Amino acid sequence: MEVKLKIWRYDAYSGDRELRDYELEAPEWACLLDVLDLIKDQQDGTLAYRKSCRMMICGSCGMRMDGRAILACKERMKPIVDRGHVPVISAMGNMPIVKDLVVDMDPFWSKIRRMKPWLEPGYDEVLERERIVSQQQMNAIQKEALCIMCGCCVSECNSMESDPEFFGPAALAKGFRFVGDTRDQASIERLEDYNDEHGIWDCTRCYFCNERCPKGVDPRDAIAKLGAESVKEGIDRDMGAKHAKWFVKSAETTGWLRETELVPKTQGIVAAVKQTKFAIGLAKKGKVPPPIPPHVAADVGESRALRQLVREQGREGAQGIIQGERGLARIEHTDAGGARRDAPEVTPGEEPPKAEG
């Protein structure tokens, strides 16, 4: 097939950037990485990019195609050629470009190290035998353990673009991989650390990291789990934590978000007083409902019952989100392949099926 593409070339020494056109013949089974190899072998040996396994495992070949982060070894070219589209290939975002499609990963790795990505077992002596962990316990961190450190989520992170000090989706997902590990005895210390001003609550919830992740890690969900665990453990000094707590309380009591109370409950009375003029302007436009009597949603009892059920099941904090993931996974499997609710596959947070007899 005849492949056409454009590649942003970059020279770090001169700072020059240039969008170059390439045309070549490639086999129909070729992925983007194969095409880059052909360009380098046959047309331009100066083209720089990273690669290693070619099997979507090593995470080396992260880059952007038409502005979205991808793995070059995962992106098949035939559908693109069939559409007559000419893709634009560029380096990943939020990281300094070294040359062409190669970025400096040092900022990425420094934030991963910031998470202390190793188990803190809470003892110094060496155990005489292996510590066995159940399948159910490992299911809780199954998604986060899939991360291949490709950087695609970091490339697309809006928070990192506005605040380069933000820990970032990959690092925080790695953080939950250890907070959620039953063998780790430093979860409270980790959560205290991750509640930094550039930590958990600095995420804007744009969900681009979930959308771009090639391995289904869903980093935004991991960040939500860290936030839920923080609130569960009483680590709620951040305004983001207060905001989340009021969402839950408001939904539980009236079934909807009482926005007029959001500022005083989240930012405090002083901040609310300072915004009085703004609130009056909203009220004049009919944007502020009367506080008395409070509006209660129909069937609010269902909301309260759901909250009570979570408490009774002991699914406070991250466990509630993990349970939700399990339910969503079941729905997806049913829609895709007609799987039954009692299908034997183990999904995140679920106990493995018990042997009969």
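Tabulated data for the structure shown
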| read-out | value |
| --- | --- |
| Prolate/oblate/rounded label for the range 193-239 (Cα gyration tensor, a/c 1.5) | prolate |
| GLU2-THR204 FRET efficiency (beta carbon distance; Förster radius 30 Å; 0.05 resolution) | 0.15 |
| Cα-based helix-to-principal-axis angle, 219-232 vs the chain, degrees rounded to 10 | 30 degrees |
| Which labelled figure in (1) 62, 46, 36; (2) 54, 46, 37; (3) 73, 68, 49 is Cα extents along the principal axes in Å, once derived from the coordinates | (3) |
| Shape category assigned to the range 254-312 from the gyration tensor of Cα positions, a/c cut at 1.5 | oblate |
| Magnitude of the charge dipole, the range 254-312, Cβ model with Lys/Arg +1 and Asp/Glu -1, debye to 20 | 380 debye |
| For the chain, size of Cβ-based charge dipole, Lys and Arg +1, Asp and Glu -1, in debye | 1200 debye |
| C-alpha long axis of helix 239-254 to longest principal axis of the chain, angle in ° | 50 degrees |
| Isolated Cys residues of the chain, judged by Cβ distance under 4.7 Å to other cysteines | CYS31, CYS61, CYS73, CYS147, CYS150, CYS152, CYS157, CYS203, CYS206, CYS213 |
| Within the chain, helix-based [θ] at 222 nm, where runs of 4 or more DSSP H residues each add -39,500 (n - 2.57), nearest 500 | -11500 deg cm²/dmol |
| Extended-chain gain in nm, criterion 0.36 nm per residue less alpha-carbon gap, LYS285 and ALA305 | 3.6 nm |
| For the chain, share of DSSP beta bridges that run antiparallel, in % to the nearest 5 | 90 percent |
| Cα-based helix-to-principal-axis angle, 318-337 vs the chain, degrees rounded to 10 | 60 degrees |
| Signed unit charges on C-beta, dipole axis of the chain, positive-most listed residue CYS213, TYR22, LEU47 | CYS213 |
| Rounded if a/c under 1.5, otherwise prolate or oblate - the range 106-232, Cα gyration tensor axes | prolate |
| Positive-end residue, the range 237-339 charge dipole about Cα centroid, Cβ charges, pick of ILE322, VAL248, PRO294 | PRO294 |
| Residue among VAL35, MET63, MET77 farthest towards the positive dipole end of the range 35-77, charges placed on Cβ | MET63 |
| At R0 = 25 Å, FRET efficiency that the Cβ-Cβ distance of HIS295 and ARG326 yields, to 0.05 | 0.15 |
| Violating pairs (Cα-Cα greater than 18 angstrom) within the set LYS143/LYS242; LYS111/LYS174; LYS143/LYS225; LYS225/LYS245; LYS111/LYS232 | LYS143/LYS242; LYS111/LYS232 |
| All aspartates and glutamates inside 19 Å of LYS51 as judged from Cα atoms, apart from same-chain residues fewer than 8 positions distant | ASP34, ASP37, ASP41, GLU75, ASP100, ASP104, ASP106 |
| Student exercise, the range 2-103 dipole from Lys, Arg, Asp, Glu Cβ charges, in Debye to nearest 20 | 460 debye |
| DSSP beta bridge pairing in the range 1-128, given as percent antiparallel to the nearest 5 | 90 percent |
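Bear in mind that the values in this text are calculations on the coordinates, not laboratory data. As the structure is a prediction and not an experimental result, all values here were calculated from the model. Cβ sites come from the backbone with ideal geometry, for glycine too, and all protein chains shown count toward neighbours.
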